[in-house]
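*Asks:* Take this structure, written in structure tokens, and hold onto it; I'll ask about it next.
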Amino acid sequence: MIRKFDNRGVSMLLEYLILISILSVFVFLLSMNINKVLEESQIESVVENQFSDVASEVSSQIVDSLAVYPRNGYLKTKVFMPESIGDIEYTVGLENGSVVITSELGRFQKTLSLGAAGILKLNLSGQTHSLAERHELNYTKISPTYPSAVLKLKPAAVLANYTTPGCFEVDVSKSSAMGVYNWRVELWNGTVITGDSGNTVTEVCVYWNPIEFNNYCYNESGGAIGNTAWCNLTLTVTDIRGLNDTDNATILISKISEVEPGLYIKKFVNPPQTEPGRPVELHIYLNGRGFRTQATNLSVVTVIDTSGSMDDETYYGNFAGNVSPRVWEVTYRINSSWKNSRILVTLSSPDSMSPWWDGYDKDDAFVMDVYQADGDYYRVIPSGWSNELGSANGIYFYDSRVTNSEIGNWTFRAVVAIPKSIPLELKLYKRVSGSWVLQKEFSTTYHPNYYTQQIELPSGYTDSDQFEYLAAEIYDVYKDDFFAWLDSDLCYYGGEYGVCRTGTVLAGTHNLYIAPRFPGAQQFEGEFYIQKLDSAKIASIDFIDETIGEGDYVGLVSFSTYATKHVVNSSPYLPHLTTDKNNVVDEIKDLDEGGWTNIYQALAYARDILLENTTYTNGTLPLIVFMTDGRPTCKYLGGDYNSSSSYSCSSSVCGSNDQICYNQIIPLAEDVKNTTIGGNNITICTIGFGKPDDYNADLLRDMASYKPGSSEKCFYEAEDYQELSDAFEDISRIFRIAAKNVTVRDVIPDDVQILGTELEISGSANCTDVSLSSFGTDTMVSFNCSEIYIDDEIELIVRIVANEPGTYFLDLPFVSNVTFENYPFGAAYNQTVYLDVVNVRYGGSERASVRIE
Amino acid sequence: MASLIKDERAQMLVFFSLVVATILAYLSVLHAQNMLAGIESSRTLMVFPKEEIRNLKVVGEKSIMMFIDDSYADFMNKTSKISEQIKLLYARKGVYGDVIAFTKSERCYSVRITYVSGEVEYSDLLYCCKGRGCV
């Protein structure tokens, strides 16, 4: 068999199969890479872009949150993201100021920085998986303003015995917190009082209980509790977030009043922690603590002058204001038909003008300005019968001939002084054939402008609450421009408008009405007056109420030509002294004025009352408060000083400069001051009431004792009611000084800015303004108080701010202190108290947090 | 078998298979490209209620401050009415919004601001004082 060869190496079939095989291998190899080419390279792009998209979304949410960030709350927002990207699951996390997205196997990762917002403002945390059911961004921020507990006790010392409790206020009102807060005060014995920021003051009353006090309180001097216990109270303030702060205070509880007075000093900052740039307040709080500087009780005799001059007026208050009058203006054209005619213009009211002008010339209420066409001007003011309408309440203007130049517009401007609305009429008459013929009539309802001032006469100071009189007077410079009414009575007294004086007047509110009289009137000023004796009653009764406490004795001597010892006690053993101050108050209310001024007998009687029965008053501090408004006008003739025949009274009986009487009274006063009751000298305080020339200041000053612990005489000059009250009030305090010559110094560091200072004084303390001075690179804040009285509260508030995070100490050791003279005062009793070291924390770590989950 | 040897249609089959494979590969690339466009960030921009929340804050911080000098009863009465109106107004948008003051002292008050929608929940407690703003 012969094979025939051709050009084909392989058969067509085999060639086909070979080619297909090669191609298949090629396709197979290609298919090995096609996945990379067609899928993975695309997924890479998809992941890159969609991870960016998801990160952008999270970033946008965070930035949006910053745009409306809650200061103290939260913001939750849903985040939407696909379960997988390119069939790849992934996680989204917040870390290092960035949004980080990582594929499940870590092959892909995308990081998107949040920039300054993320680094500076937010604490970023959390992670979420793309397959999670939901994704959420949670922005939370808690205010770094922390609660501050401040506990004050008022008073800081109380008297208590087995039957009568001592009461004090627990005051937490200076505490603060972010929003509302609850407070809890735990007393020394475990008793708990609670409240919230809407109710910050509560009263606590405590009986003397030695067993309890020995168990739970302490004796500042050490040892067992004797008559005085120092008991701690703890305040806890909790805000709505559960954050809390505590403060402590000590109450002094005593069953005797012989506790030396002192100063309670507290320094705190409020709030103690906050965010940079927010102001805080530094407080230094002083409280006069104690009962009375001397003795257990007082025996006080009040001596009140009831001579005739006590009927005089004394200043009681003032009034001032501005009121523009309501002007009724009418313009009318006087035409040529009026030429050469006589003209009569009337301004009147058909109203009775009652009650404001009852009993007075009602025409006086009207004033009218007339402006003629030629420029001439006339003011029509009623005076006597001049310009007054006889037939009606009103006034008139008359011109005997209207000249050619007066033809034209005439303007009439009317003012009526009355504090109520009334109808007004303006009529123009022309003289025709011997009769006045009405040519034109205008009318209106006039609503006046007027001023009302209220004045209060206090009740409980005079017999049946009736004051002898109430007077008011507009100052002379304004008197012509205004009319005034006290209640509804026109002020007309002594032939003068603008002056009024009622008869007997009841306590309560009274109204002064002031109405302008002329178109140009505006400003006014004036004063109220009451009787001197009435004002003395108010001041002395206030003094007794203020000064006389439980166990104190009080008596009353009034004097004019002769002195009177008032019986205030039903006990025959002590008729002129009582512990029931109401009996004395009732006697004061009944006093009447009239007569000369017998100072000698009054002083002798005051002494007699104090010595009346020393069995009762032994151990008390005897005090005479002597008030007079006049010079002595009665001379002691010798003999029984109780007898009226032993005195001669006249305006000249005391001789030049009262020397004769002075020589009698001063030795008596010295004798009184040297008299002791239970070892305590009688103290005399004197008050000169009225103008300086009305009384003998030298006499009263020499009569007076020195104030306790002072080289200053207990002598006061009071020109009016207010000064008289102040004098009595000051006397009531002389035995209540807690500290003298108090100087408070504190140093604010230079990295804290002072925004302002404020000194709040509650009570009668005499303090200077706050001063700021350089102290090295720091600032010293200081003030002085010459005297701080028991129960006075003085609080220095310094507003400060720091802009950088950190802790700032608001104190300079040994420089920030309070120095003062402690009881019994004087240089030997100087004391220095170093202020507590307090600090304020400006927190930088209280950033908002953002968590993804 | 011999008839097949001369049959060239299989080559065409292979050729067209390559063409189809190429088209499929191109389409798959195109499909992947279509998936690149982002939608999430734009959704965020649309749904976040910045203005609605800001309005509530303005009411809580400034509008209510106008009543600070009122008596306690008046203050509470007025702010309560504002709260009711705001709730009504926001309910019409399908969300919950409220500004409710709940304490007042002489110069300060506390106010809670709340906004709740399907996507966002906001709550803020402010303590505002006259002349000192809110914290």
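The values are calculated or read from the model by the stated rules, or taken from the named source; none is laboratory data. Note that the structure is a prediction, hence the values are computed from the model and not measured. Heads up, the Cβs are rebuilt from the backbone with ideal geometry, glycines too, and the neighbour counts pull from every protein chain shown. Just the protein is used for accessible areas: all its heavy atoms, side chains included, with ligands, DNA and RNA removed. Shrake-Rupley method; radii C 1.70, N 1.55, O 1.52, S 1.80 Å.
*Asks:* May I ask you to list the residues in the range A:676-725 that are surrounded by fewer than 16 Cβ atoms within 10 Å (Cβ to Cβ) and more than 25 Å from A:Pro261 (Cβ to Cβ)?
*Replies:* Within the range A:676-725, A:Lys691, A:Pro692, A:Asp693, A:Ala697, A:Asp698, A:Arg701, A:Glu719, A:Gln722 qualify.
*Asks:* Still on this structure: Looking for something β-branched (Val, Ile, Thr), crowded, with 23+ Cβ neighbours inside 10 Å and touching a Phe, Trp or Tyr at 6+ places or on another chain (Cβ under 6 Å) - is there at least one such residue anywhere in the range A:550-569? Lay out the reasoning, then the answer.
*Replies:* Taking the range A:550-569 first, the residues β-branched (Val, Ile, Thr) are A:554, A:557, A:561, A:564, A:567-568.
Narrowing the set further to residues that are crowded, with 23+ Cβ neighbours inside 10 Å leaves A:554, A:557, A:568.
If we keep only those that are touching a Phe, Trp or Tyr at 6+ places or on another chain (Cβ under 6 Å) too, we end up with A:557.
Yes, because at least one residue in the range A:550-569 is β-branched (Val, Ile, Thr), crowded, with 23+ Cβ neighbours inside 10 Å and touching a Phe, Trp or Tyr at 6+ places or on another chain (Cβ under 6 Å).
*Asks:* Out of everything in the range A:49-73 that is facing another protein chain (nearest Cβ under 7 Å), open to solvent by less than 30 Å² (accessible area, probe 1.4 Å) and not small (Gly, Ala, Ser), what residue ends up being farthest from B:Glu119 (Cα to Cα)?
*Replies:* Top of the filtered list is A:Asn72.
*Asks:* Sticking with this one: Just to be sure I understand, how many residues within the range A:733-791 are within 19 Å of A:Phe291 (Cα to Cα), open to solvent by 40 Å² or more (accessible area, probe 1.4 Å) and not in a strand (DSSP E or B)?
*Replies:* 3
*Asks:* Can you tell me which of (1) open to solvent by 40 Å² or more (accessible area, probe 1.4 Å); (2) touching a Ser or Thr at 6+ places or on another chain (Cβ under 7 Å) is the one A:Lys430 doesn't meet?
*Replies:* Status for A:Lys430: all satisfied but (1).
*Asks:* Return the pairs, sorted by first residue and then second, in which the second residue is in a strand (DSSP E or B) and open to solvent by 40 Å² or more (accessible area, probe 1.4 Å), the first residue lies in the range B:119-134 and is within 9 Å of chain A (Cβ to nearest Cβ), the beta carbons are less than 6 Å apart, and the residues are 6+ apart or on different chains.
*Replies:* B:Glu119/A:Lys78; B:Glu121/A:Lys76; B:Ser123/A:Tyr74; B:Leu125/B:Arg112
*Asks:* Right, something else. Does at least one position in the range A:322-337 carry a residue that is on the phi < 0 side of the Ramachandran plot, touching an Asp or Glu at 6+ places or on another chain (Cβ under 7 Å) and either of a type in the set (Val, Ile, Thr) or not in a loop (DSSP other than H, G, I, E, B) (or both)?
*Replies:* Among the residues of the range A:322-337, at least one is on the phi < 0 side of the Ramachandran plot, touching an Asp or Glu at 6+ places or on another chain (Cβ under 7 Å) and either of a type in the set (Val, Ile, Thr) or not in a loop (DSSP other than H, G, I, E, B) (or both), which makes the answer yes.
*Asks:* Moving on to the next point. The conditions are (1) within 33 Å of the chain's Cα centre (by Cα); (2) buried (at least 19 other Cβ atoms within 10 Å of the Cβ), and A:Tyr315 fails exactly one of them. Which is it?
*Replies:* Single failed check for A:Tyr315: (2).
*Asks:* For residues in the range A:200-245 being open to solvent by 30 Å² or more (accessible area, probe 1.4 Å) and among the β-branched types (Val, Ile, Thr), which is farthest from A:Gly190 (Cα to Cα)?
*Replies:* Ranking the candidates gives A:Ile240 first.
*Asks:* While we're looking at this one, here's another question. What residue, of A:Ile240, A:Ile251, is within 14 Å of chain B (Cβ to nearest Cβ) and touching a Leu at 6+ places or on another chain (Cβ under 9 Å)?
*Replies:* Unique residue meeting the criteria: A:Ile240.
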